[in-house]
Structure formats: C-alpha cells, structure tokens
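A quick write-up on the structure given underneath.
The values are calculated or read from the model by the stated rules, or taken from the named source; none is laboratory data. If you're wondering where the values come from, they're calculated on a predicted model, not measured in any experiment. For neighbour counting, all protein chains shown are included, and Cβ atoms are generated from backbone atoms with ideal geometry for every residue, glycine included. Note: areas computed on protein heavy atoms with side chains; ligands, DNA, RNA excluded. Shrake-Rupley method; radii C 1.70, N 1.55, O 1.52, S 1.80 Å.
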Amino acid sequence: KNVILFIFSIFILTVLGFKFLGNSDTKHQITTQENNIENSNDEIINQIDSSSIKPTSTQKTTIISNNKLIDELKSLLKKAEDLLQDSKDEEAIKLYNLIIEKTAKSNDPKLLTHFVTACMSKAYIYQTYFTNENDMAIEAYNRIIDKFEKSDNIEFIKFYIDAKLQLSYLLPYDERLEVYNELVSRFEKKKNSQIQEKIEALLINKSFQLMG
C-alpha cells in the first residue's frame, strides 16, 4: 500500500495539481480530490454561452430538476466522505455507486463532475485500501475513459487523461508506456495550455519510468 500511496501522491502533485497538507490522514486526499473536481465545474460552465438563449418551460423544469439532483449528490458525497473518515470503506463505495448510477447517462457538465468525483474516489479506495481489487479500480477508471473518450470539451478531456494515467499505474510496464504514447500522440498538438501542461508532466513521468 505504501508504494501505491507514494505513486498516487506523486501523480496527483505533478499531473492533477491536487494539494495535500503535510502528514494529514490519507483519506483526506479523497476529500481534496472531490473539491478540486467540483471546482473545475466553473471552468466547464464558462465554456457554455447561454446568455442569448431564453429557456423554455421544459428547459426550466429540467434546470430545477437538475439543481435538486445536484443538491442530493452533494449530500451523498458528504456522507461518503464521513464514512471514509470512519474507515467504513465499503459503505462509502455503495454511495459512490449510487452517484455514478444517477449521473452516468447525463450530458450535464455539473452532473458529470459528480460522476467523475465518484468514479475517481471509488477507484482510489479499491486501489489503496483493498487487497487484490485492482480490477475494480480499473473498472471505475474505465467508466470515465469510456464516457469522455470522444469528447471535445477541454475539462472532459482533462478528466479522460487523468483517468487514463491513473489506470496506467495498475497495468504492466509495457502497457503503461503504451498509454503514455497514446496520450502524447493524441493530445500533444492540442492548442490548450492546460492540456499541454498535462502532456509535459506525462512526458516527465514517462522519462522516470524509462529510467527504472
């Protein structure tokens, strides 16, 4: 577990940009991860220009319904966080599964940030606190990968890259390098500073992998 935690921490600090404080409990990392993913929602929404569009009554109903769901999802995430703090990992996973179920088919950026939070948190728990459960972690990462593989939204592309990289740590060495090469080939010419930062960090990480 210590090796996994070390790799995960280095990855978070260099690629995802999540910030941890000193020697705080490792389960606090889940909370930090959730907050960072949720905060990125503002960047997603800013890409959607609806200033000139007046919502129809049906759209207003959808907005109200989604807002209620978002409140419910926030409540579920808080409960999952509390369960993790009490070392009730399996119960927390059940709540993350519920969040995934409620958001997986959505195209709403706000809802999808909660989808990503739940998938990443679930994968991290399996990867870190369970023995021989890497398949479950891989499955959770693949939910994100499959959802955003064809997306052109910058924030969703970032989620895709993060999930692919996290998954790569659970793969054999040769397959991990294939993931790096695939991401570089696909996104190295993407004209976005945030994507380029991720690719640069990926290349640095790859060089360390090659050094053994």
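If you take the square roots of the eigenvalues of the alpha-carbon gyration tensor of the stretch 72-212 and sort them as a ≥ b ≥ c, do you get rounded (a/c under 1.5), prolate (a/b over b/c) or oblate?
Numbers: a/c = 2.36, a/b = 1.39, b/c = 1.70.
It comes out oblate by the Cα gyration axes.
Out of the stretch 132-212, which GluC sites (Glu not before Pro) are coil in DSSP terms and have no more than 15 other C-beta atoms within 10 Å?
Loop-located and lightly packed - Glu133, Glu149, Glu188.
Accessible area per residue for the stretch 160-212 in Å², computed with a 1.4 Å probe and the full protein assembly in place, what is it?
Counting only protein heavy atoms, the per-residue value for the stretch 160-212 is 55 Å².
Taking the stretch 98-166, which trypsin sites (Lys or Arg not before Pro) meet the DSSP loop condition and have no more than 13 other C-beta atoms within 10 Å?
Here the trypsin sites (Lys or Arg not before Pro) that fit, given the DSSP loop and packing criteria, are Lys105, Lys150.
Which value in nm describes the separation of the simple spin-label points at Glu133 and Glu178, placed 7 Å from the Cα toward the beta carbon?
With each label placed 7 Å out from Cα toward Cβ, I get 2.7 nm.
Roughly what would the spin-label model give for Glu90 and Arg186, points 7 Å off Cα along C-beta, in nm?
Distance between the two pseudo-spin positions: 3.5 nm.
Heavy atoms only, probe 1.4 Å: what % of the accessible area of the stretch 150-201 goes to carbon and sulfur, would you let me know?
That fraction is 45 percent.
Can you give me the distance in nm between label points at Ser193 and Ile154, each placed 7 Å from the Cα along the Cα-to-Cβ direction?
Those two pseudo-labels are separated by 0.9 nm.
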